[in-house]
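Worksheet: the structure to be examined is printed underneath.
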């Protein structure tokens with residue numbers, strides 16, 4: 001599927017090379033550097049980021065969607081680490097600065113989950129956020145992901161370690177009924 005629409009009027013679509021300027025802007029804040037395995041600080045790195053999303057999609061290991069509103073890229077939702085043996089995937093999301101706090105991530109994650117359970121045929125979706133990131137926790141809850149527990153010291157950024165709260169949503173959860 002090349003495109004999905006949310007009830008909130010957002011569009012989820014595959015990333016394109018012409019999105020590179022939006023990617024570069026999104027990754028400009030220092031805190032966003034954690035959202036990418038490699039730096040995204042130049043136009044060439046932004047193009048490579050987009051190309052990586054295309055390669056993951058082609059390999060069937062990850063499906064990243066640009067979340068677009070009124071023609072502007074507002075964020076990204078992804079189901080990655082797709083495991084076909086267990087029919088599971090790992091959900092991640094980010095929003096560009098101007099889109100934060102507007103429900104973009106939650107709407108995108110809900111649409112992504114419907115697609116992953118339907119078209120992709122997954123059974124379990126997981127996500128995690130630093131325990132000191134209440135905004136990400138609200139996104140998970142609003143997208144129907146139940147809290148499963150704390151993973152102590154899971155992430156390290158520089159010399160600092162962070163606990164992660166794990167959430168999951170199953171294809172059989174009642175939140176999917178309707």
Considering only region 74-81, I want to know if a residue exists there that is farther than 20 Å from residue 27 by Cβ and out of contact with any strand residue (DSSP E or B) (no Cβ under 9 Å at 6 or more places or on another chain).
no
Per the filter on region 107-135, residues in a helix (DSSP H, G or I), touching a residue at least 40 places away in the same chain (Cβ under 8 Å) and surrounded by 17 or more Cβ atoms within 10 Å (Cβ to Cβ) are 107, 108, 110, 111, 112, 113, 115, 116, 117
Kindly evaluate residue 89 against the criterion of being in contact (Cβ under 8 Å) with a residue 24 or more places away in the chain, within 26 Å of residue 123 (Cβ to Cβ), within 14 Å of the chain's Cα centre (by Cα) and part of a helix (DSSP H, G or I).
no
Result of the Cβ filter at 8 Å on region 167-178, keeping first residues that are closer than 13 Å to residue 114 by Cβ and partners that are modelled with pLDDT of 95 or more and in a helix (DSSP H, G or I), at least 6 apart or interchain, is 169/113; 171/117; 176/113; 176/114; 176/117
Which numbered condition residue 29 fails, given (1) modelled with pLDDT under 95; (2) within 21 Å of residue 90 (Cα to Cα):
(2)
Suppose the filter is surrounded by fewer than 16 Cβ atoms within 10 Å (Cβ to Cβ) and modelled with pLDDT under 95; does residue 72 pass it?
no
Region 1-25, residues that are over 22 Å from residue 113 (Cβ atoms), surrounded by 15 or more Cβ atoms within 10 Å (Cβ to Cβ) and in contact with a helix residue (DSSP H, G or I) (Cβ under 8 Å, 6 or more places away or on another chain):
19, 20, 23, 24
Residues that are in a helix (DSSP H, G or I) and touching a residue at least 60 places away in the same chain (Cβ under 8 Å): does region 5-15 have at least one?
no
With the condition kept exactly as written, say whether any residue in region 43-54 is in a loop (DSSP other than H, G, I, E, B), touching a residue at least 12 places away in the same chain (Cβ under 8 Å), within 16 Å of residue 93 (Cβ to Cβ) and in contact with a strand residue (DSSP E or B) (Cβ under 6 Å, 6 or more places away or on another chain).
no
Could you look through region 160-175, keep only residues that are more than 18 Å from residue 109 (Cα to Cα) and modelled with pLDDT of 95 or more, and pick out the one that is surrounded by the fewest Cβ atoms within 10 Å (Cβ to Cβ)?
161
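Being assigned to a helix (DSSP H, G or I) and surrounded by fewer than 21 Cβ atoms within 10 Å (Cβ to Cβ) is the filter here, so list the residues in region 92-106 that pass it.
Correct list: 97, 98, 99.
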Scan region 32-43 for residues that are surrounded by 11 or more Cβ atoms within 10 Å (Cβ to Cβ) and farther than 16 Å from residue 73 by Cβ and report the count.
5
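Taking the criterion of being part of a loop (DSSP other than H, G, I, E, B) and closer than 23 Å to residue 13 by Cα, would at least one residue in region 156-165 satisfy it?
no
The values are calculated or read from the model by the stated rules, or taken from the named source; none is laboratory data. Keep in mind the model is a prediction, meaning the values are calculated, not measured. We place every Cβ from the backbone using ideal geometry, glycine too, and count neighbours over all the protein chains shown.
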